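The values are calculated or read from the model by the stated rules, or taken from the named source; none is laboratory data. Fair warning: this is a prediction, and the values are worked out from it, not measured in the lab. Note that each Cβ is placed from the backbone with ideal geometry, even for glycine, and that neighbours are counted across all protein chains shown.
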There are 2 protein chains.
Amino acid sequence: MKKLRRSARLVDMTQHLLASPHKLIPLTFFAEQYGAAKSSISEDLSIIKELFEDEGVGLLKTIAGAAGGVKFIPTISIEKAKDFIQELGHQIQGSERLVPGGYLFMADLLGNPEYLSKIGKIFATIFAESGADIVMTVESKGIPLAYATAHFLNVPVVVVRRYSKGTDGSVVSINYVSGSSKRIQTMSLVRRSMPENSRVLIIDDFMKAGGTARGMMDLLGEFKSVVAGIGVLVDTRYEEERLVDDYVSLLRITEMNVREKDITLELGNFFNKGVESR
Amino acid sequence: MKKLRRSARLVDMTQHLLASPHKLIPLTFFAEQYGAAKSSISEDLSIIKELFEDEGVGLLKTIAGAAGGVKFIPTISIEKAKDFIQELGHQIQGSERLVPGGYLFMADLLGNPEYLSKIGKIFATIFAESGADIVMTVESKGIPLAYATAHFLNVPVVVVRRYSKGTDGSVVSINYVSGSSKRIQTMSLVRRSMPENSRVLIIDDFMKAGGTARGMMDLLGEFKSVVAGIGVLVDTRYEEERLVDDYVSLLRITEMNVREKDITLELGNFFNKGVESR
């Protein structure tokens, strides 16, 4: 690459960092790329770092030493996250979104790339230190959320199938009990889609009793892998004991009136740390 | 926002443009944001424009006049696209990816956020001028590709369901004939998930006879909407007449040996313009 002036360097470093979240980039990489001294690169990075922090884009972490470099950690502040999730809650509460079976219609909201990106960034902020090296979800509605989160964590996604169509080769299947309907269901994951000994962040759109999440946790065992965290967009107030204990929700349904197709929401357990999150 | 120096402005404008592809941003927005003269903003933009073009990030289009501004169009060069797709083809050709029914196992590749982002950018480049205001796909494997493409086009996604579980409220369903298996199947789309009079870009991972794409096209009619384009990652050489004429593929399977689980691929019809694309 031709030698760049500071102004052009800043533009290129910014786009490069944004495209490679959670990845350690040695300063020498930039120095060689632009034919610049490492001290100049350091100055550039401090300009970017300050702007990213002021504007809520994320953090730049510099790691000193021979194996050091810079790492971009996308983050959103708790206030901004709260404002956005509250606004989302209002939208969900608005129109008739409760559909038979006590599910929520959210396809339009989850089809909006801007919303999705914000939710993904919130999960990526919450689980930034989880050490997750893979994001797992179950088809179909959790898929966009999982990818949005994985984008900001810069890790791959695996999708657990509910409808095995025999088009995937060798799969590992487990039966699980849907916690709310008490029906036995099957989920499966293609053997070669996930390496053993993974640290897995489970992301889904909705949780009632937690049967699906529990099923995914059980499936992880078959892959000698562990849970790095569980995040759901919406959970429901639930009287009985949930099948999973430790998870984060961003919104919670407190009341459902199936006849009036009406629901009431509050912020999820993530925003009420310290309060019981059963 | 506090008045920023050029260096900080460049960083912020870069991240802002990258986060808002295909969106017209008036120069006055930036000028007011940073307390800078429009002439300074113009100079900033020309620095960003040059770097984006040199580095293959995309184009900055400036539209003059009162209603004018700047628009970031993510693009990838045909050479880079070709190199990447060829490399992807080699990976698909490699290990045993052909699974019963003549389908391809690609979950690991489509789970990789970097690959996905590149494929999405290629589709967004191809369909940049299509005027698409929505991306449509069918669950489940096309979903990540559809979102990756929609991200760069900055439009929403709608997902057609194959497995209606009655959790979505009022849906429009159609029957369609799977072109290769000749079986009658059903697909459905929630009525309120797509506004009428949309221009729809159909994205999917795989096409054989084109029955699924044809089904989505028929479904569009029920929403008084039109096709803005069809893009698939992989199609197959197909002897009979396909159910759709006009579509873009990035890779093509030329030979399948189900017994040996072996396949041969070449570049798709997009890279062979002028050659028949039946």
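Going by the structure shown, is B:VAL138 of a type in the set (Val, Ile, Thr), surrounded by fewer than 20 Cβ atoms within 10 Å (Cβ to Cβ), under 23 Å from B:ARG237 (Cα atoms) and within 12 Å of chain A (Cβ to nearest Cβ)?
On the way: of a type in the set (Val, Ile, Thr): yes; surrounded by fewer than 20 Cβ atoms within 10 Å (Cβ to Cβ): no; under 23 Å from B:ARG237 (Cα atoms): yes; within 12 Å of chain A (Cβ to nearest Cβ): yes.
It is false that B:VAL138 is of a type in the set (Val, Ile, Thr), surrounded by fewer than 20 Cβ atoms within 10 Å (Cβ to Cβ), under 23 Å from B:ARG237 (Cα atoms) and within 12 Å of chain A (Cβ to nearest Cβ).
Being within 19 Å of B:VAL159 (Cβ to Cβ) and of a type in the set (A, V, I, L, M, F, W, C), is that true of even one residue in region B:260-269? Step through it out loud before you land on a result.
Of all residues in region B:260-269, those within 19 Å of B:VAL159 (Cβ to Cβ) come to none.
No; the residues of region B:260-269 include none that is within 19 Å of B:VAL159 (Cβ to Cβ) and of a type in the set (A, V, I, L, M, F, W, C).
Within region A:55-64, identify whether any single residue is more than 28 Å from the chain's Cα centre (by Cα) and either at pLDDT below 95 or not aliphatic (A, V, I, L, M) (or both), and answer yes or no. Give the steps one after another, and end with the answer.
Within region A:55-64, the subset more than 28 Å from the chain's Cα centre (by Cα) is A:64.
Of the ones still in play, those that are also either at pLDDT below 95 or not aliphatic (A, V, I, L, M) (or both) are A:64.
Yes, that holds for at least one residue.
Is there a residue being aliphatic (A, V, I, L, M) and within 22 Å of A:PHE123 (Cα to Cα) anywhere in region A:26-35?
From region A:26-35, those aliphatic (A, V, I, L, M) are A:27, A:31; that's our starting set.
From what is left, the residues that are within 22 Å of A:PHE123 (Cα to Cα) are none.
So far as region A:26-35 goes, no, none of its residues is aliphatic (A, V, I, L, M) and within 22 Å of A:PHE123 (Cα to Cα).
Residue-wise test of (1) among the basic types (Lys, Arg); (2) more than 12 Å from chain B (Cβ to nearest Cβ); (3) surrounded by fewer than 19 Cβ atoms within 10 Å (Cβ to Cβ).
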site	(1), (2), (3)
A:ARG9	yes, no, no
A:LEU18	no, no, yes
A:LYS38	yes, yes, yes
A:GLU43	no, no, yes
A:ILE48	no, no, no
A:GLU53	no, no, yes
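Pick out the one residue from A:THR137, A:THR167, A:THR186 that is farther than 29 Å from A:ASN112 by Cα, touching a strand residue (DSSP E or B) at 6+ places or on another chain (Cβ under 8 Å) and at pLDDT 90 or above. Give the steps one after another, and end with the answer.
Details: A:THR137 fails: farther than 29 Å from A:ASN112 by Cα; A:THR167 fails: at pLDDT 90 or above.
None of the other options fit; the residue is A:THR186.
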Test: residue in region A:242-253 that is of a type outside the set (A, V, I, L, M, F, W, C), at pLDDT 90 or above and over 19 Å from the mean Cα position of the chain (by Cα): no
Residue among B:LYS80, B:LYS71 that is surrounded by fewer than 16 Cβ atoms within 10 Å (Cβ to Cβ) and away from chain A (no Cβ under 13 Å): B:LYS80
Of all residues in region A:96-135 being basic (Lys, Arg) and either buried (at least 24 other Cβ atoms within 10 Å of the Cβ) or facing another protein chain (nearest Cβ under 9 Å) (or both), the one that is farthest from A:ASP204 (Cα to Cα): A:ARG97
Residue within region A:165-183 that is within 8 Å of chain B (Cβ to nearest Cβ) and of a type in the set (A, V, I, L, M, F, W, C) present: no
Count of region A:141-151 residues which are modelled with pLDDT under 95, within 9 Å of chain B (Cβ to nearest Cβ) and over 13 Å from B:VAL157 (Cα atoms): 0
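Looking at region A:225-234, is at least one residue touching a Phe, Trp or Tyr at 6+ places or on another chain (Cβ under 6 Å) and surrounded by fewer than 21 Cβ atoms within 10 Å (Cβ to Cβ)? Walk me through how you get there before you give the answer.
In the first step, residues of region A:225-234 are kept if they are touching a Phe, Trp or Tyr at 6+ places or on another chain (Cβ under 6 Å); the result is A:229-231, A:234.
Going one step further and asking which of them are surrounded by fewer than 21 Cβ atoms within 10 Å (Cβ to Cβ), we end up with A:229.
Looking through region A:225-234, at least one residue is touching a Phe, Trp or Tyr at 6+ places or on another chain (Cβ under 6 Å) and surrounded by fewer than 21 Cβ atoms within 10 Å (Cβ to Cβ).
Table: residues versus (1) within 17 Å of A:ASP108 (Cβ to Cβ); (2) more than 14 Å from chain A (Cβ to nearest Cβ).
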residue: B:LEU153; (1), (2): no, no
residue: B:VAL157; (1), (2): yes, no
residue: B:MET187; (1), (2): no, no
residue: B:PRO195; (1), (2): yes, no
residue: B:PHE206; (1), (2): no, no
residue: B:ALA213; (1), (2): no, yes
residue: B:ASP218; (1), (2): no, yes
